[in-house]
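The values are calculated or read from the model by the stated rules, or taken from the named source; none is laboratory data. All values reported here derive from a predicted model rather than from experimental measurement. Backbone-built Cβ (ideal geometry, glycine too); neighbour counts: all protein chains shown. Heavy atoms of the whole protein, side chains included, go into the accessibility calculation; ligands, DNA and RNA do not. Shrake-Rupley method; radii C 1.70, N 1.55, O 1.52, S 1.80 Å.
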Amino acid sequence: MSSKNNPELNRLALNSKYMAILTLLLMALLVLIELLSWLFPEFALSHLGFTFSASMIDGLNVDVTQMPLWQQISCMLLATLPLLALLIAALNLYRLFSLYAKQQYFSDEAAIRLRLVGRAIFYWVIVRIL
């Protein structure tokens with residue numbers, strides 16, 4: 001059965017394109033929120049209501065803005081390790097949805113991408129615990 005004759009497959013491919021774009025936007029938003037929480041922790045806590053690091057910064061009772069730049073960057077890098085694992089998962093999810101948009105639902109590459117998403121999420125959970 002050709003996909004041109006099957007409207008359900010066409011709709012699935014179109015939805016996969018949208019999900020790929022949404023995944024890219026999500027990745028950019030995660031990085032922006034993390035940067036905001038380190039550069040402007042008071043703003044992040046009061047206006048965003050949630051961040052990855054702002055609650056940690058607030059719990060330490062440390063004024064991040066008074067720290068030397070090298071300490072801010074070092075803390076930012078250490079705190080973003082869990083986010084890095086999540087970004088790797090999102091990147092693989094983007095690639096998976098891109099394959100789905102090409103109607104490659106059961107290809108070897110799609111299976112590999114799905115496994116990499118699961119592995120990255122597993123690492124994200126482990127790193128968050130540590």
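Taking every residue in segment 20-41 that is of a type in the set (Gly, Ala, Ser) and pairing it with any residue that is open to solvent by less than 40 Å² (accessible area, probe 1.4 Å), at least 6 positions away or on another chain, the pairs with Cβ-Cβ distances below 8 Å are Ala20/Phe97; Ala20/Ser98; Ala20/Ala101; Ser37/Ala44; Ser37/Thr51; Ser37/Ser53; Ser37/Ala54; Ser37/Ile57. All of Glu42, Glu34 fail the test of being within 30 Å of Arg113 (Cβ to Cβ), at pLDDT below 80 and of a type outside the set (Val, Ile, Thr), apart from Glu34. Only one entry in Ile121, Ile73 is open to solvent by 70 Å² or more (accessible area, probe 1.4 Å), closer than 18 Å to Ile33 by Cβ and part of a helix (DSSP H, G or I), namely Ile73.
Based on this model, can you work out whether Asp63 counts as acidic (Asp, Glu), loosely packed, with under 12 Cβ neighbours inside 10 Å and at pLDDT below 80? Before the answer, list the steps.
Numbers: acidic (Asp, Glu): yes; loosely packed, with under 12 Cβ neighbours inside 10 Å: yes; at pLDDT below 80: yes.
Yes, satisfied.
Looking only at residues in segment 97-108 that are part of a helix (DSSP H, G or I) and within 25 Å of Pro7 (Cβ to Cβ), the one that is most open to solvent (accessible area, probe 1.4 Å) is Tyr100.
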